[in-house]
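To keep things clear, I will list the structure first and then write my remarks on it.
Any read-out appearing in this document is the output of simple, stated calculations on the displayed coordinates, not a laboratory observation. Computed from a predicted model, the values in this text were never measured in an experiment. Glycine gets a Cβ as well: all are built from the backbone with ideal geometry, and neighbour counts include every protein chain shown.
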Amino acid sequence: MKGQNTTIIQNHKLMSYGIYVNEEDDISTELLEEFDIPTEPIIYRGTGDEPDVARHFVEQIVNIGKKVTKLLKTNKPIIMTAEEVQRYVTCQHCNLCNGGFSAANSKIADHNNLSGKYQQKLSNTCNLKCQTLKLVPCFFYNLSNYESYFIVTELGWGKLEEDTLTEKEDFYSTLTKKNIEKNEYVHARKVWGNFGYRTLGEYSDLYVFENFRDICMMSYNLVQAYYYTAPGFNYDVTLKYTRIGLELLSDYDMLLMFERGIHGDFVQPSMRYVKANNITVEDYDKMKEDS
């Protein structure tokens, strides 16, 4: 926000960006080419026809993310050498938990779904725990608050202006691979109608605060809505968890002791001793500088 004493002398705009998709060594070049995954660094510099570099960057990331998502759905059959088959057959313990196998927790040959290479023998329980989360991570190195502004503003603020609640399928989380329950969606529509919301932005304002209240209740058993500020809420949380009782001063002498300890007088540093050297003093030394 521009203040009264602020003068704008420059308007910074993004000029270029560079991205690199880091793939695993086990993924074949043919598979990357099949899904059109870039294997070389991508360097983009804006032009007069396309000056919006931030928008181009976000579109590029989303496009690559969709391709990687399709690639992660690949499930090649397992490939095992004769030696690996022998080790698998004779193995009696899980490589991860070191436990034995049983009919209820059978032996599984774990392999890389993208390459088909055999990796290790696991119990069925451990194999399910080791499933790869279908999540495409993007690491922004040295992304400070200043640089993030150009990118975050391109991530879809327009969605907050939508005037209808999205369909149940649109609440699907790509992080957890789960959708919301039917009763949760019915509750969301009920809240939307009862509060008379006009945009998703207004709905999100209530959702964020109510979610914060739920977290405070579960964690501290305190209702945040009763507090004016977050520091005041944190202060009560501290008192509750430390079980420290603050006592009001009832003794008059104790109150005076605190009041006397509050000083607001002038402070003046003084030089205690000064010796002059000039022609008017008795012990004038002409070899020294006059003062």
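For a Förster distance of 22 Å, can you work out the FRET efficiency between the beta-carbons of Lys117 and Lys66, rounded to the nearest 0.05? Don't jump to the answer; show the numbers that get you there.
Working: r = 26 Å, r/R0 = 1.18.
Approximately 0.25, to the nearest 0.05.
Gly116's amide H: which non-local residues (gap 5+, or another chain) put their own amide H closer than 5 Å, with H modeled 1.01 Å from N in plane and none for Pro or chain starts?
The answer is Lys76.
Assign one of three labels to the range 170-221, namely rounded, prolate or oblate, based on the Cα gyration tensor with a ≥ b ≥ c the square roots of its eigenvalues; rounded applies when a/c is under 1.5, prolate when it is not and a/b is larger than b/c, and oblate otherwise. Provide the component values of the computation, followed by the final result.
On the way: a/c = 1.73, a/b = 1.07, b/c = 1.63.
Verdict is oblate for the range 170-221.
Please give the Cα centre distance for the range 14-42 versus the range 182-203, rounded to the nearest Å.
For the range 14-42 versus the range 182-203, the Cα centre distance is 41 Å.
By counting other Cβ atoms within 10 Å of each Cβ, how are Leu31, Leu239, Leu246 ranked from fewest to most?
So the residues, fewest neighbours to most, are Leu246, Leu239, Leu31.
If you take the square roots of the eigenvalues of the alpha-carbon gyration tensor of the range 82-129 and sort them as a ≥ b ≥ c, do you get rounded (a/c under 1.5), prolate (a/b over b/c) or oblate?
The shape class here is oblate.
What percent do you get for the relative contact order of the range 82-129 when only Cα pairs under 8 Å and 6+ apart count?
Numbers: 56 pairs, mean separation 16.2, N = 48.
Value for the range 82-129: 34 percent.
How would the range 192-242 be classified by its alpha-carbon gyration tensor: rounded, prolate or oblate, with rounded meaning a/c under 1.5 and the a/b versus b/c comparison settling the rest?
Prolate, since a/c reaches 1.5 and a/b exceeds b/c.
By how many nm would the segment from Ile43 to Phe258 lengthen if fully extended, with 0.36 nm per residue of separation less the alpha-carbon distance?
Full extension from Ile43 to Phe258 adds 70.9 nm.
Could you run the Karplus curve 6.51 cos²θ - 1.76 cosθ + 1.60 with θ = phi - 60° over the range 112-126 and give me ³J(HN,Hα) per residue in whole Hz, x for Gly and Pro?
Working through the residues one at a time gives 7, 5, 7, 10, x, 6, 5, 10, 6, 9, 9, 6, 4, 5, 5 Hz.
Tell me, what HN-Hα J-couplings in whole Hz come from the Karplus equation 6.51 cos²θ - 1.76 cosθ + 1.60 at θ = phi - 60° for each residue of the range 222-239, using x for Gly and Pro?
10, 8, 5, 5, 7, 10, 7, 9, 5, x, x, 5, 4, 5, 5, 4, 4, 5
Is there a pair in Lys70/Lys178; Lys76/Lys182; Lys70/Lys107; Lys76/Lys177; Lys67/Lys117; Lys168/Lys190 whose C-alpha atoms are over 24 Å apart, and which pairs would that be?
On the way: Lys70/Lys178 18 Å; Lys76/Lys182 35 Å; Lys70/Lys107 29 Å; Lys76/Lys177 22 Å; Lys67/Lys117 22 Å; Lys168/Lys190 13 Å.
Over 24 Å apart, Cα to Cα: Lys76/Lys182; Lys70/Lys107.
Could you give me the ³J(HN,Hα) list for the range 191-200, computed from phi with Karplus coefficients 6.51, -1.76, 1.60 and θ = phi - 60°, whole Hz, x at Gly and Pro?
Calculated HN-Hα couplings, in order: 5, 4, x, 5, 8, x, 6, 9, 9, 5 Hz.
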